[in-house]
Each structure stands twice: as C-alpha cells, then as structure tokens.
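Data first, discussion second: the structure below is written as structure tokens.
The values are calculated or read from the model by the stated rules, or taken from the named source; none is laboratory data. Since this is a predicted model, take the numbers as computed values, not measurements. Cβ: placed from backbone, ideal geometry, glycine included. Neighbour counts: every protein chain shown. Surface accessibility is based on the protein's heavy atoms, side chains included, excluding ligands, DNA and RNA. Shrake-Rupley method; radii C 1.70, N 1.55, O 1.52, S 1.80 Å.
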Amino acid sequence: MQDGLPKPRRFVAIAAISAGTALTIIDGGIATVALPTIARDLHVGSSAVVTVVTVYQLILAMALLPFSGLGDRIGLKRMYQYGQLLFTVATLLCFFAKSLPFLLVVRAAQALGAAAALSVSSALIRSIYPTKQLGRGLGINSVVVSSSAALAPTIGGLVLAIAPWPWVFASAVPFAIASLLLGRALPEPRKHDEPFDVLGAVMCAAMIGLVIGGAESAVHGDSPIVSAAIVLTGVVIGWFFVKREQGETKPILPIDLLARPVLALSAIGAYTAFIAQMTLLLSTPFRLTHAFGFSAAEVGAAIAPWPLANMFVAPLSGWLSDRYPAGLLGGIGMGVSICALLLIAYMPADPGYFDIAWRMALCGSGFGMFMAPNARLIIGSAPRERAAAAGGLVSTVRLVGQTTGATLVAALLAMGVGAGMTPPLVAAGLALVAGLCSLSRLRPSIRNPPTEETQDVQPAQQTR
C-alpha cells in the first residue's frame, strides 16, 4: 500500500482539506456576531435566536460518529464531498429564510453537511501524508482550525458592515466550492461491504443529543426536573447503546479503540483540555469588560495573542510529534498552560494590555503544544481500517469538550463567579488532568501495548 499521496497531488489534497476545515470552523463561529441582526429582522427574542448557534453545534456533535462509520462504508472521499455539497446547497437556502423555524432547518442541514466532511477529514489526512509526516499534517490542520476560529467573528463583522445577514453564512461558500474542486485530488475511495448499522447510528445521535441538550437546558432553562429527565434519558440510551456496540466488529462508538489505554487516556486528556480552553476563552471577555473596564475592541486585541501563538506552536509541535513521544510533548504543553492559567487568575489589579497579552500567548502556546501531538497519537495508533472512526472520535471529543466548556461558563456566570478568577482556576485544574493523562502515556506498558492489540498498526506508530 502506498504511504501517502505523491507530490504535487498531495499539496492539492492538503488545500482541499484545509478549505473544508476552514469552512466548518468559520460557519460554526461566524453566526454569533449576526445574532442581534437576525433577531431584529426575523422579529424574535434574543433568547430564541441563540438557537441558530446551538442547533448547529448540537446536530454537528450528534452526527460526527455516525457519519464516520458511514464514511467507512461508502468511501472517505465520497463522504467528504457529499458533505461539502450539502453544506453549499443549505447555505444558499439561507437567502430564502424569512422565519426562524426555516432558518433553523437550514442550519441543521448545514451542520449535517459539515459533520459529513469533518467526520472523515482526519482519516483523509492520514491517507494524504506519509506516516512519518502525519504529525506535521495534523499540526497544519490545527493551525487552520485555530486561525479560522479567530477570524470567524472578524469576517462576520466585516460582512455585516456592508451586506444583509444572509451573506454572513454565504461568506463560507467560497471555501466549500474550493474544497469541492480541489477534492478531486483526495485519495480514491475504498468502500467496505459491511452493512451500515442504522439503529446504532440513531442511538449514538440520541445519546449525545439528549445528554448535551439536557445539560444546556439545565443552565438556560427554568425546569431542572425536565433537564435532569432529558439527561437521564440520554444516559439510559447510552447504556443500552454501549452494551450493543460491544458485540460489533466495527462499532460506531469506537469502544474497541477506547479499550486501548493509550487511546482512552488521549481522549480523556483531549476532552478536559478542550473544556479548559473554552472555559478560559469564553469567560475572559466578561472579566476584562466587567472587572477591568476594557472596551470590546480592547478585549479582542487582548485575546488575539492566543490564536496567534497557537498558529506558530501547533505546526512545530506536530513536527516534533513525528520524532518524540506525544505523552512528553503533551505533558510539557499542559505544564506551560497551567502556569499561564494561574498567572491569568492572579493578574494585577489594574492590568495593561501587555500584562494580559503575554499571558494569553503563553497559554495558547501550551495548548498548541498539546493538541497536535495528541491528535496524531489517536489517529496514528488506530488500525488503518479504523482511521475514520479515530478521526470521528477526535472531532467529537473536540466539539463535545467545547460545548461542555460553554455550558460550564454559563453555569459559573449564573452563580456569579464567571467574571472573576474562578474560571481560569477551574481551567487550570482541568489542564492538570489533561497533563497527567498525557504523562501517563509514557509508561512502557501503555506506550508499548501487547502485540495482539497493535497487530494492525505500523511499528513506527506504536511508540508515539
């Protein structure tokens, strides 16, 4: 089997994946700045219009793992391009949205398209790059993710300044078209004949949707009993789903991969790291505004060093992960982040821009050092025929972690401690868990599992 795509086809395929990743990240964050305008034009309340964002996030989280399983059956390239096409068509329908319910249906369709593409993107990266360059490829992808997330609000604001709100969503269409055209260079699809587990896919989506939806309703709603019932229903479905998946050879929820300690620790570490990251990033604007009197422009400028530092460190850490253990790099990264989070928690009483900026840059560097090697270990340690499942796991952990972080910040704000030093201290505790998970992977029994567990994995990947 050929190890990666030949040049120059590899570069075209990388451009296709980068455009598609930018598309999904930008569309997930760009709508936030348009919410007040949408609420005014559609004559709905502020609390109702927030569902434009939450519906997208919820559907995306629910669909990632089922779509990764479907991508294994119909071929990764085909799944990726179907997703881009669905997203493009749904985005064009935004121009016909004259009511909130119709817009929510369109956003759900956008999320399904984005999930189809995102669910197989990591597996495609593994097929595009040679094994020895996998960390570099995932590092570049991390840069695309962080830079797209940083640019999304700016792009949204610029579009709103010159055009109606539907154009905010349309601004992502060029990325979709570019990804579709360049996508012809992606690795050719290899279909598998196993039937798709429709019931398992429905149970997986229901489990994630009910647990996340119930948790968010507990924070934003006014009926704790109903919220608890929703979460409990999701947990019960999840219990039956996991029991059912244990008998599958290629389960939609990759419990076969999570049974390997090195992958389980990587997933737990990523989950807590994403919660920590979102907890800080969402709470910091409230603290800078309410406690230190920063303007909106000053808040944006103070936070900007985070993604900028991440853009430089992520590809470097990805390159290093091709040479050094991910457990060591991740442990160092989380150590740096913990120090930075404590420094952010105990900032001076009247901080200036530089006091905040260098702390944010240091923290972003630490998370950048952790994320790419961690993703490389998950993708690279899975058997090649389970690459799509591993990639779906990476994307799902990221999205669920970010959603959990947003819910945590909302809860802290509701308790009156979300605009102070509590969120960075909580984030530091979560980063400590992620760091310990990362360092635990350095144990020889975990880094080098029994041969029967890794017989389908290339030798070079077993010691990372």
*Criterion (more than 25 Å from R9 (Cα to Cα) and aliphatic (A, V, I, L, M)) met by exactly one of L118, L100*: L100
*Only one residue in G366, G420, G401 is over 25 Å from R126 (Cα atoms), modelled with pLDDT of 85 or more and not acidic (D, E), so which one is that?*
G420
*Do we find that L329 is closer than 18 Å to F367 by Cβ, open to solvent by 20 Å² or more (accessible area, probe 1.4 Å) and in a helix (DSSP H, G or I) in this structure?*
no
*Which residues, taken from the range 344-359, are surrounded by fewer than 17 Cβ atoms within 10 Å (Cβ to Cβ) and assigned to a helix (DSSP H, G or I)?*
Y353, F354, D355, W358
_Looking at the structure I just gave you, is T233 open to solvent by 60 Å² or more (accessible area, probe 1.4 Å) and assigned to a helix (DSSP H, G or I)?_
yes
*asked:* I need the full set of residues from the range 150-187 which are at pLDDT below 80 and either touching a Leu at 6+ places or on another chain (Cβ under 7 Å) or within 17 Å of K77 (Cα to Cα) (or both), in order please.
replied: A172, F175
_If a residue must be part of a helix (DSSP H, G or I), among the aliphatic types (A, V, I, L, M) and open to solvent by 50 Å² or more (accessible area, probe 1.4 Å), how many such residues does the range 250-261 contain?_
1
_Whichever residue in the range 188-222 is in contact with a Lys or Arg (Cβ under 9 Å, 6 or more places away or on another chain) and crowded, with 19+ Cβ neighbours inside 10 Å and, among such residues, is modelled with the lowest pLDDT_ = D197
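Can you pull out the residues in the range 271-308 that are small (G, A, S) and open to solvent by 20 Å² or more (accessible area, probe 1.4 Å)? I'd like the intermediate steps shown before the answer.
Taking the range 271-308 as the starting set, the residues that turn out to be small (G, A, S) are 273, 276, 283, 291, 293, 295-297, 300-302, 304.
Matches in the range 271-308: A291, G293, S295, A296, A297, G300, A301, A304.
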_The lone exception for L103 - which of (1) open to solvent by 10 Å² or more (accessible area, probe 1.4 Å); (2) at pLDDT 85 or above it fails_ = (1)
*May I ask you to verify whether G29 is surrounded by fewer than 23 Cβ atoms within 10 Å (Cβ to Cβ) and either modelled with pLDDT under 85 or of a type outside the set (D, E, K, R) (or both)?*
yes
*So A264, is it more than 21 Å from L399 (Cα to Cα), assigned to a helix (DSSP H, G or I), open to solvent by 20 Å² or more (accessible area, probe 1.4 Å) and aliphatic (A, V, I, L, M)*: no
*Test set (1) at pLDDT 85 or above; (2) buried (at least 20 other Cβ atoms within 10 Å of the Cβ); (3) over 20 Å from A382 (Cα atoms); (4) of a type in the set (G, A, S) - G335 fails condition number*: (2)
*Of all the residues that make up the range 383-428, how many are more than 21 Å from I338 (Cβ to Cβ) and assigned to a helix (DSSP H, G or I)?*
22
*Output the residues belonging to the range 102-131 that are closer than 25 Å to V89 by Cα and charged (D, E, K, R).*
R107
*Considering the range 130-189 alone, what residues qualify as being farther than 18 Å from Y56 by Cβ and in contact with a Phe, Trp or Tyr (Cβ under 7 Å, 6 or more places away or on another chain)?*
G135, R136, G137, G139, G183, L186
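Matching residues to (1) closer than 25 Å to L160 by Cα; (2) under 20 Å from the mean Cα position of the chain (by Cα); (3) of a type in the set (S, T, N, Q); (4) open to solvent by 40 Å² or more (accessible area, probe 1.4 Å):
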position	(1), (2), (3), (4)
A22	yes, yes, no, no
S68	no, yes, yes, no
R78	no, no, no, yes
G83	no, yes, no, no
T88	yes, no, yes, no
G113	yes, yes, no, no
A117	no, yes, no, no
